[in-house]
1. With θ set to phi - 60° and the Karplus curve 6.51 cos²θ - 1.76 cosθ + 1.60, what are the ³J(HN,Hα) couplings of segment 633-649 in order, to the nearest whole Hz, using x for Gly and Pro?
2. Quick one: if the Förster radius is 41 Å, what FRET efficiency do THR855 and SER182 give, using the C-beta to C-beta distance and rounding to 0.05?
3. What order do you get for 960-970, 823-833 when each peptide is scored by the mean count of other beta carbon atoms within 10 Å, highest first?
4. Whole Å is fine, so just give me how far the alpha carbon centre of segment 328-392 lies from that of segment 863-907.
5. (i) 111, 83, 67; (ii) 123, 73, 66; (iii) 97, 67, 64: which one is Cα extents along the principal axes in Å as calculated from this entry?
6. Percent relative contact order of segment 154-251, based on C-alpha pairs within less than 8 angstrom and at least six residues apart?
7. Under 5 Å between amide hydrogens, which residues at least 5 positions from GLU235 or on another chain qualify, with H placed 1.01 Å from N in the peptide plane?
8. By how many nm would the segment from LEU808 to LEU984 lengthen if fully extended, with 0.36 nm per residue of separation less the alpha-carbon distance?
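Just so it is clear, none of the values below were taken in a lab; they were calculated from the coordinates. Note that the coordinates shown come from a computational prediction; the quantities given were computed from them, not determined experimentally. Please note: Cβ atoms are built from the backbone with ideal geometry, for glycine as well, and neighbour counts cover all protein chains shown.
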Amino acid sequence: MINNYLLKGSVIAAFFLQGAVFGQTSLIHYWNFNNNTSAAAITTPTSTLVGGSMTAVTSGTTEIDFAGGTGQNFNVDNLNARNGDTSGTHLRYNFPINGNLQFNLPTTGYNNVVVKFTTRRSGSGAGTQTWSYSTNGTTFQTYQTVSPLDANPQLVTFDFSNIAGVANNPNFKLKVEFSAGSNNGTVGNNRFDNFTVDATAVGGADTTPPTVTYLPANNTNNASTTVNPTISFNENVRLTDNSTINDSNAQNLVDFRLGNASGTQVPFTTTFSGNKITVIPTSGLVPNQTYYLALKPNMVEDTSDNALTTATSTTFTTAGTSISLDKNLIKVNENAGTLAFKINVANPSNSTVNLVVKPAPFSTADSNDFTLANQTITLTPSTSSYTVNIPITDDTLQEQQAEYFVVSLENPVGAVISGDSNATVYIIDNDTPVPVPSNQISLNYIGSFDPSGNNNSSTEIVVHDPATQRLFTISSVTDVFDIINFSNPSSPTVINTINMAPYGGITSIAVKNGIIAVASPNGTNAQGNGSVVFFDINGNFLKQLTVGVLPDMVTFTPDGTKVMTANEGEPNDAYTVDPEGSVSIIDIPALTVAGISNLTQSNVTTLSLTPFNGQETALASSGVRKVKSTSTLAQDLEPEYISISSDSQKAWVSCQENNAVIEVNLSTKTLGNIWGLGKKDMSLPGNGFDASDNNGEILIANWPVKAYYNPDAMASYKIGNTNYLVTANEGDEKDLGGFSERTTVGANGYTLDSTLFPNASILKASHNLGRFRVTNVNGNTDGDAEFEEINALGARSFSIFNADTKQLVYDSGDKFERYIAANHPAIFNADNEANGAKNRSRAKGPEPEGVTLGTIGGQTYAFITLERTGGVMVYNITDPNNPTFTDYKHSRMTSAYGGDNGPEGIIYIAPENTTTGKGYVIIANEISGTLSMYEVTGSGTLAAGEVKPEKATFNVFPNPVAKGNTLYFNRTQDYELYDMSGKLVGKEKNALTIDTSKLSTGVYLVKTSEGHLKRVIVK
C-alpha cells in the first residue's frame, strides 16, 4: 500500500465530502449458489464477513436439489451477481411447502442492512413465499410475502435500514416459508440465486481485509478435472503497490503444487476477471490427484488499503475415474436386431471394469433371447463412453410380453462405479398374439344415466325388476336408493328417491317379485348390528329386521324363500373394536307385501363364525388369511359377497380380505366348510403384470410374487352336476389407522431373505418391483425379520373354481392387461379418479370388481367390471376349462377426464325381461355416480351366420358437448355432419369421434351410413 500523509484539515474535509470513508457499503454475506457438488456445498456462503450460514428444513419429499439448479433463465440477466461472477447454477428447492429455508445473517459491526436475491417458481411450485425475521435468533416476525413468478427470475429487495434491532446484531436471521398461493402450487419447486446482504460499517472506516474463497473448497474430494480452480475476493482488489491485477501478474500471486505446500509445483497460467483469479493448469487436472493452491500473503489489498497479510490455501483431491450405466432400465423390441448398451466414463484414466450378465433368478430371459458374455472392459484416458452391442434374438416362440435380463458393472480397477450398478433390460416379445375378442356377442354403448341429476353422488349397486321394468340403484354417499323407470332403455327416468339415513344408511339392495330388500349398517354405531329394510316396489316401508354387523350385501335366493346378508363386521379405524363377521338368513314364508309386513325377528337366523376359531393353522395351508393376529378368526373374517346355487339349496360367501369362501347349507341354515382360494404364481408365463407406476413403459413381466386372489364379487353356475364359482379377483387389504398391512417391496422395513432373493436389490429398484404394493402380514414363513415369499393382494384377473372340489380350473392370467395395453394404452392401469396410464400399476392394476353371468343363445357368458381402468370384459365360459374372450367395452373419456368411471355393480338383463326384446348390461359406476348402459348384440352362438344380426344401436356422448371437447361414438361409423340450415359441415369414414373445436356453438345433425340420425348440441 502507499501511505499518503494529509493535513488534519484535509482529513476533516474528506470526512464531510466522502461518505465512503465512514459509511462505505460492504458485502457482508453472499451466496451465488454456484458450487453444486452437494447440498452442503450449495448452501455454504460464497463469502461472509461475520459468520453467515444457511440451513434448509427438509421433510417428506422436500429437498435441496443441488444438482438440478440449472437453466430457467437465471443465466439471462444474472441479476445481483457480485464480484463479476459469471452465471452458474442456482438453488433449487423441491416440494417446498413442507419445509423452509433459514439464513443466519449476523450484522455485528454493521448497520443499514439491505438484503437482495432473485427468485422464481415452477408452474406447480408454491405460489407464495412468506419471509420473516428474528432479532433474537429464536422468535420470528412476518416481514413480507413474495409471489414468485413462473417466468424469468425477479429481483427482490428487503431494506432493513429502519427495522429496529437488525443493525449490529449477531442473532439476526431470515426465514422463508412456502404456501400454495393463487396458482395452487403444492408440488414443483421454488428457486433462488445471488442472495446478498449489504451493510455499512458502524462508527469508522473500512478496516476489514478482503475475504478469499477457493473453489474447490478446502478438503474437497471428487473435484471435477474439467473445472479450473479459482480464487475469489468479496470486493474490489488490487496489488499492494496500488497497481491493477491482470491476467499476467495474477500468476505471481498464486502457489500451485501437488499434494501439499512442499509438493512439486504445477505449471499453470492465470486469468483475472471480476475479482477472481482462475488458475489454468498447463496439462489439466489429473484424476484422483491431491492439489495445494494458495494465495501468497502481502500481495493483495482492497481499495481501503486493507491487505491480506496471512497466507490462505485450499487442498483438494480430484475425482477418480467414475464409471456409470447410461440407463438402469432399457426396453428393446425382440426384432430390434442389436441393443447399443452404453456405459459412461467420467474423468477417464487407464482402468478396467467387469460387465456381468446375471442369470436366474435375476433374469427371466436367457442366452436363447440375447447374446452377451461376461467381459472385462478396458478404459483409457480418452474413453468418455463405451458401448457394448448386444444382439437380440428374434425367435418365433410365444413368450411373456416382457422378459428381462440384468447386466451389472462389477470389480472396477483404477476406477469407481457411481450410481446403480445394475441395468434391467426388458425384451418385448413380438410372437405372442394380443387377445382378440371373438365377438360372439358385442356390447354397444347406448348411453350414461346419472340418477342424481347433478353429478354429486355415487352409484354402487344396480338391480332390475322385470315386472315393473324398474332399476334400483344405491348411493352410500348420499344414503339413498333410486327407483328408475327402465321401460325405455335409451331414456331412463327417476321415479322416486328413498332416503335411507333414518334407517341407518345403505350398503346394498336386492329386488324380487315386487319386494325391495335393502342392507343398512348401524347409523349410530358402525360396529353395532345392522339391518335389512324391506319396501314395496314403490319404496313404501314394510319392515326392518336386525342382522349382523355391517351387512355389506343383501340378496334373495332364486326361489324367493330367503334373504341373505353377508355381514362384514369391520373394525373401527383405531382397531380397538373388532366385531365378528357373520351371515344372516331371513326366512320369507310369503314373498308378498303382506307376507313381508308379518315378518318378525324370529324369522332371522344369524350364523356366527366362531366354529372356525382355532382352525387358523390348518386353513392357512389352503390360502385362508388371518390378518390381525390379536383378533379371533371369527373377528378377522369379513364376509363380502354371496352367490347362491340355482336350486336355492347352497350359498357361497366370499371373505375378500381373507381370501376365503364359506359354504352355507340353506336347507338347514348351517355353516359348511371354509376354504381358501390359494395363491397365483406371478412368476409363471402368462401370469405377468406391470409392476411400476414410474418407469414410463408398459412391461407385463413375470416376478417372484405369489398373489392372493381376494375376490370381491362372485357368481355361480352349474354344468351337469358340477358347481362352479366365477370370481372377480380385485384384491383388498386391511389398511386402517390402528393397523395396516400395506407396504411395498422397496420399503426399508421389508427385508427379503438373502438366500431366496439374492436379486433383492434388483427387485427393490423403483422401476422394477420397488413401488409394488404387498402385504407385510404374509410371506415371513419362519418368523424371523425377513420375508421368504412376496405376497400381493389381488390377481388382476377373473377365475373359475370348481366349487365342489375347491380347485382352480381357469384363470385369465395377464390377458386383461395385455389386451388393454395393446388396444387402449391411454387408460392402461389408469385410476378411476383421474386419467393417466399406469397410475395403478403399482397396486392392483385394472382391479376386477364385479361379475355377473348371462345365458345367451345357449351359451354362458361372464361380464366382469374393471373398477380402476373402467369398462367390462366379456368371456364365454360355457366350457369352464376353456373360456373364450368375447368383448371389452368402456365408456370413460380419454381426451379429458370424464364419462363413466369406477364400475362396481353389474347386471345382465335378458331379452325376455325387457320391453325391447334386446338384452342389456347395466353397470353402476361408483366414482362418476352414473349407470353405463350397453345393448347386447349377436346371437351368442358359437356358429356363424345362423342368426341374422339386428341393426345395432348407435349413440353419441356426451350430449350436449362443450365446444372444444371431443364428441364420442359408441362404435365406429361413417358419418356426415349438418348444421340446422342443412349445410354439410363435416364428414369422415370409420370414425369414433368428432372434434368440436372448429364448430360454432349450436345444434347439429349426425347422419351415419347405416341411416342413424342424432341431434347434437355444441355448447
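1. Computed from phi, the couplings for segment 633-649 are 5, 4, 6, 6, 5, 10, x, 10, 8, 10, 10, 10, 5, 5, 8, 6, 9 Hz.
2. Numbers: r = 59 Å, r/R0 = 1.43.
Computed FRET efficiency for THR855 and SER182: 0.10.
3. Values: 960-970: 17.6, 823-833: 20.2.
My ranking of the peptides, most packed first, is 823-833, 960-970.
4. Taking the Cα centre of segment 863-907 as reference, the centre of segment 328-392 is 42 Å away.
5. Here the calculated entry is (ii).
6. Working: 35 pairs, mean separation 15.7, N = 98.
For segment 154-251, the relative contact order is 16 percent.
7. THR211
8. Values: separation 176, 0.36 × 176 = 63.36 nm, distance 5.76 nm.
Computed gain between LEU808 and LEU984 is 57.6 nm.
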